[in-house]
Amino acid sequence: MDTPVKRKLKVATTSLAGCFGCHMSLLDIDERLFDLLELVEFDRSPLTDIKHIGTCDIGFIEGGLCNNENVHVLREFRSNCKVLIAVGACAINGGLPAQRNHLALPIILQEVYHTSHGLAAGSDIPNDPELPLPLNKVHPLHEVVKIDYFIPGCPPSGDAIWKVLADLLAGHEPQLGHGLIHYD
Amino acid sequence: MSEKTFVLDGKTIPYAEGQTIMQAAMAAGVYIPRLCYHPEFKPHGSCKLCTVKSNGRQAASCTQLAQSAAVVESDTQELNDERRALLQMLFVEGNHFCPSCEQSGNCQLQATAYALNVMSTHYDHFFPDRPLDASHPEYLLDFNRCILCSLCIRASRDVDGKNVFGLAGRGIKSHLIVNAQSGALADTDFAGDDKAAQVCPVGVILKKRRGFAVPIGQRTYDLKPISAMPDAKES
Ligand code: SF4
Ligand code: SF4
Ligand code: FES
């Protein structure tokens, strides 16, 4: 009789208001990617180019929320993933993009598109209806949906990401000790 | 006469009359998390991170005197959960973007959060608007990261005899001020060799043009956890 094949866990990943640094760190687990691919298959992710998320076991999200599309994608991940992991400083506290939060959005747009140096003639604040609308402030993920696990760091090291994924896949509570837990 | 002792997390700790639980624990090499206590200054008892249970009652160990035969708990799930919540509140009340903070890796707030495995900020962020004071030629004040520990106030008043810093406002409106008519550091007699320039546990009082001289990843608490060196930091 055939031995039953263990179902691979489905993992989706996305970058919201992030820089893809956390995804680069995921690739930094190097040859452990082969071990990972024995255990998981990727659903929606920049690595697969699948555009819409299906039912998944784990959602891996880098970046915070700076526009309405980010919020939409986050909610889609929450309703399709059993476990959501906020990865990196931006997902956890807004990070670099949130450093605009003490300025009013109209002032930022004015400065960038109307009054800064070196603008092309006729430069104006973009208002194409296809463009997502910026939020007044950048928010971390946990302010909008429940997040199950967090991997801090800017970006977290490949080792930290691997430790959390390996702990989860082995069915333990993830633990990062000294040297792996970093906020910078 | 037999030595006076109490029991901290199952370990017998000797103490001298008049010592606080914190002082006795430090002398015995036991780490109790703390932020507003510094061994060179009078305790302030405000951050509550050092809270322990002594004979079942909660007390700030930096102000509570050691008592003979007391049973003291510190490293317990309950107390550490409360410490994590206090740390998370400190993070969301200010603006702590560690990757761009010059103090990252030397910061006691960050290192304490590492030691207690704080993985997220948990609460909603305030994102307050707190302008910098870059008026002084040698030092910068980044109020975004102030945790109101009052160490700079105590150092300036009690050691430097200058009274450069103060606390103003109440409750959630409490904030650090500079004692000058203009409110600017440049208009005080603050100097780089003041004790107040050395004591900030976080990244508020920063020497200019030094920023990233030691790269991130090679700093005090990158190398050792804070429990191994609670007060050391690059000065
Ligand atoms: S003061 Fe400490 S916790 Fe705050 S941003 Fe700087 S390194 Fe991070
Ligand atoms: S500036 Fe630093 S030392 Fe002074 S109260 Fe704030 S955190 Fe404490
Ligand atoms: S260290 Fe004791 S209350 Fe802050």
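The values are calculated or read from the model by the stated rules, or taken from the named source; none is laboratory data. These figures come from a predicted structure and were not determined experimentally. Because the Cβ atoms are built from the backbone with ideal geometry, glycine has one as well, and the counts that use them run over all protein chains shown.
Report yes if residue B:185 is within 14 Å of another protein chain (Cβ to nearest Cβ), away from ligand 1 (no atom under 15 Å from the Cβ) and hydrophobic (A, V, I, L, M, F, W, C), otherwise no.
no
Within region B:105-129, the set of residues being closer than 14 Å to residue B:146 by Cβ and facing chain A (nearest Cβ under 8 Å) comprises B:128, B:129.
Per-residue answers, yes or no, for (1) at pLDDT below 95; (2) over 18 Å from the mean Cα position of the chain (by Cα); (3) more than 12 Å from chain B (Cβ to nearest Cβ):
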residue: A:85; (1), (2), (3): no, no, no
residue: A:92; (1), (2), (3): no, no, no
residue: A:110; (1), (2), (3): no, yes, yes
residue: A:139; (1), (2), (3): no, no, no
residue: A:144; (1), (2), (3): no, no, no
residue: A:173; (1), (2), (3): yes, yes, no
residue: A:183; (1), (2), (3): no, no, no
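Candidates in region B:42-63 are the residues that are crowded, with 18+ Cβ neighbours inside 10 Å and more than 8 Å from ligand 3 (Cβ to nearest atom); of these, the one that is nearest to residue B:12 (Cα to Cα) is B:54. Scanning region B:6-41 for residues that are surrounded by fewer than 17 Cβ atoms within 10 Å (Cβ to Cβ) and either outside any loop (DSSP other than H, G, I, E, B) or away from ligand 3 (no atom under 16 Å from the Cβ) (or both) returns B:7, B:9, B:10, B:11, B:12, B:14, B:16, B:17, B:18, B:27, B:28, B:29. In this structure, residue B:37 does not satisfy being touching a His at 6+ places or on another chain (Cβ under 7 Å) and farther than 26 Å from residue A:102 by Cβ. Taking each residue of region A:130-146 that is at positive phi and looking for partners that are part of a helix (DSSP H, G or I) and surrounded by fewer than 15 Cβ atoms within 10 Å (Cβ to Cβ) with beta-carbon atoms closer than 8 Å, six or more apart or interchain, yields nothing. If the condition is being more than 25 Å from residue A:144 (Cβ to Cβ) and assigned to a loop (DSSP other than H, G, I, E, B), then region A:1-47 contributes A:1, A:2, A:3, A:4, A:5, A:6, A:7, A:8, A:28, A:29, A:30, A:31.
Here residue A:62 meets each of (1) more than 14 Å from chain B (Cβ to nearest Cβ); (2) in contact with a Ser or Thr (Cβ under 7 Å, 6 or more places away or on another chain) with one exception, condition (1). When restricted to residues that are facing chain A (nearest Cβ under 9 Å) and free of Cβ contacts under 8 Å to residues at least 24 places away in the same chain, region B:130-144 contains 1.
Out of curiosity, is residue B:3 farther than 30 Å from residue B:121 by Cα, part of a loop (DSSP other than H, G, I, E, B) and within 16 Å of ligand 2 (Cβ to nearest atom)? Give the derivation first.
Working: farther than 30 Å from residue B:121 by Cα: yes; part of a loop (DSSP other than H, G, I, E, B): yes; within 16 Å of ligand 2 (Cβ to nearest atom): no.
So residue B:3 fails the test.
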